[in-house]
Amino acid sequence: MSTTFDQVATIIAETCDIPRDTITPDSHAIDDLGIDSLDFLDIAFAIDKQFGIKLPLEKWTQEVNDGKATTEQYFVLKNLCARIDELVAAKGASA
Amino acid sequence: MQLEYFHMIDRIVDLKVDEKTIVVEALVPKESTVFEGHFPGYPLMPGVLLIESMAQASGFLLLGVLKFERMPILAAVKEAKVRGSVFPGDLMTLEASVAHEGSGYAMTEAKIRVGGKLRANSALTFTLIPFPNADMRGYMTKVAERVGFPLQAVSP
């Protein structure tokens, strides 16, 4: 069974045409991989579908804009994957 | 339909908020300055205006789903196919459905039929933003009233 990171990295590689071997858990989606907000919508869509969740992009963006969080907390891939795992777990707990 | 003012939709025929679907109609005018250039001797609806029509149908659907609390803004045309020409005087029936509703964005699929025949289809992405000011919200309310948008039914 592939890890959350493997699945997310594959989604990013296929959605944004980025070589898979350049994507690491420490990659920052924006700063390192150059993914812009529009491309990230496609990634969010694919993640939402694949994991059966709804990434709270608006909430995250607001927190970053308000200085309550850093982009690293949400857009470094190992952190993004941890958030995805939390959302999947929360969904399973409420089901 | 007033092409010069981007009034692409004439009437909402059916809006099902729970099912996230909409059907609207739009009568292509027989005369427009647009047709003077597109094309002399062979007037037909520009493909880009067919896409805009599908975007506006999708937009009214999203306004309904979001209870008029967010404004959908076209962000991406993922796919668009013009399968047949649309001419002055044609009555277009547009159908749209929400394919995915994310956080701050949504994706729709839309079709245009004339006389029951599929003429165009598209997959569209919208960002969903707060109304930037009262003027825009007021304008959209007037537009909604013009096309018979059921404002009462979707009031929060």
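The values are calculated or read from the model by the stated rules, or taken from the named source; none is laboratory data. Small disclaimer: the values here were computed from a predicted structure and weren't measured. Cβ: placed from backbone, ideal geometry, glycine included. Neighbour counts: every protein chain shown. Just so you know, the surface numbers come from the protein's heavy atoms only, side chains and all, with ligands and any DNA or RNA stripped out. Shrake-Rupley method; radii C 1.70, N 1.55, O 1.52, S 1.80 Å.
A few comments on the model shown:
- For segment B:100-148, convex hull volume per residue from C-alpha positions, Å³: 109
- Calculated SAXS-style log₁₀ I(q)/I(0) at q = 0.12, 0.21 Å⁻¹ - chain A, Debye, Cα scatterers: -0.35, -1.11
- Chain B: most fluctuating residue of B:Gly89, B:Gly37, B:Gly47 per GNM, C-alpha cutoff 10 Å: B:Gly37
- At an R0 of 41 angstrom, the distance between the Cβ atoms of B:Leu151 and A:Ala13 translates into a FRET efficiency of 0.40.
- Normalised by 2.2 N^0.38 Å, with N the number of residues, the alpha-carbon radius of gyration of segment B:56-108 equals 1.32.
- With 30 Å² as the minimum drop in accessible area between chain alone and full protein complex (1.4 Å probe), the qualifying residues in segment B:76-123 are B:Lys78, B:His100, B:Ser103, B:Tyr105, B:Met107.
- Per residue accessible area in Å² of the protein assembly as shown, where ligands, DNA and RNA are left out and the probe is 1.4 Å: 51
- Segment A:18-60-segment B:60-80 distance, computed between alpha-carbon centres (Å): 22
- Listed residues A:Gly67, A:Gly34, A:Gly52, most fluctuating in chain A (Gaussian network, C-alpha, under 10 Å): A:Gly67
- 13 Å beta-carbon shell around A:Val76, net charge (K/R +1, D/E -1): -2
- Sulfur and carbon atoms: percent of accessible area, the protein assembly as shown [1.4 Å]: 53
- Surrounding net charge for B:Met1, when Lys and Arg each add one and Asp and Glu each subtract one, Cβ distance under 13 Å: -3
- Cross-link reach is defined here as a Cα-Cα straight distance under 18 Å, omitting same-chain residues fewer than 8 places apart; for A:Lys78 the aspartates and glutamates meeting it are A:Asp6, A:Asp21, A:Asp26, A:Asp31, A:Asp32, A:Asp48, A:Glu86.
- Whole-percent P(r), the protein assembly as shown, all Cα pairs, 10 Å bins from 0: 7, 27, 28, 22, 13, 3, 0.
- Peptides A:83-89, B:65-71 ranked from most to least packed, by the mean per-residue count of other Cβ atoms within 10 Å: B:65-71, A:83-89.
- Choice from A:Asp32, A:Asp48, A:Asp21 with maximal GNM fluctuation in chain A (Cα, 10 Å cutoff): A:Asp21
- Interface B:A - total buried accessible surface [probe 1.4 Å, Å², rounded to 100]: 1000
- For segment B:27-131, the fraction of alpha-carbon pairs in successive 10 Å shells from zero, as %: 16, 43, 28, 12, 1
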